1. Set the bar at 18 Å for Cα to Cα. Now go through K63/K86; K2/K57; K72/K101; K2/K101; K2/K93; K2/K49 and name every pair that lies beyond it.
2. Using every pair of alpha-carbon atoms in the chain, split the distances into 10 Å bins beginning at 0 and state the percent of pairs per bin, rounded to integers.
3. Report the paramagnetic label zone for N34: residues of segment 79-116 whose backbone N is under 15 Å from a point 7 Å from Cα along the Cα-to-Cβ axis.
4. Which GluC sites (Glu not before Pro) does segment 13-51 hold that lie in a coil by DSSP with at most 12 other beta carbons within 10 Å?
5. Can you bin every Cα-Cα distance in segment 64-137 into 10 Å intervals starting at zero and give me the percent of pairs per bin, rounded to whole numbers?
6. Evaluate the distance, in nm, between pseudo-label points positioned 7 Å from the Cα of A135 and of S83 along their respective Cα→Cβ axes.
7. Using the basic label-point model (7 angstrom from Cα toward the beta carbon), what is the E90 to A24 distance in nanometres?
8. Percent relative contact order of the chain, based on C-alpha pairs within less than 8 angstrom and at least six residues apart?
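Throughout, read-outs are computed from the coordinates displayed, never taken from laboratory work. Just so you know, these numbers come straight off a predicted model, no measurement behind them. Here the Cβ positions follow ideal geometry from the backbone for every residue, glycine too, while neighbour counts run over all protein chains shown.
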Amino acid sequence: MKVLVIYTTRFSYNPAEKNVPEVADITEGASFSNCLVAFIQVEQEDEEKDVLSREKKLVNHLKWTMRKNNCKKMVLHSFAHLSESKASLEFTKAVFDQAEKRLQNAGVETAQTPFGYFLDLDIQAPGFSLARIWAGL
């Protein structure tokens, strides 16, 4: 799994193109302020382990980035451009849903960008040391 977390003063998206036919139709975008955005790619080798072990590793990393940035808001964004290896859609979505549930149980305000869409993104991110954190998990 590859993860790039960016602290943003503003993050918004609008659905541009649906690329997974079986997902629900989404026409509305959303906007967030003062949040972390996690660009996550679940890889094929992650499927050798179970969903819960992968989401636990992901959530531990995300909680660490939240502590470092003193932030309790997290947007999860599926971003299949951090590696050539890709897990199945079903496995990836399960990791995202379980990670969101665990974060919410820890008191984190969460959101997910629409799964199965290319999105128009608007990102305002300040330039300080821990505003951008990359990890291979």
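1. In this structure, K63/K86; K2/K101 lie more than 18 Å apart at Cα.
2. Calculated P(r), rounded to whole percents: 12, 45, 37, 6.
3. Answer for this model: 109.
4. Here the sparse-neighbourhood loop sites are E22, E28.
5. Per 10 Å bin, starting at 0, the Cα pair percentages come out as 14, 45, 38, 3.
6. 1.4
7. Label at E90, label at A24, 2.1 nm between them.
8. It comes to 43 percent, rounded to a whole number.
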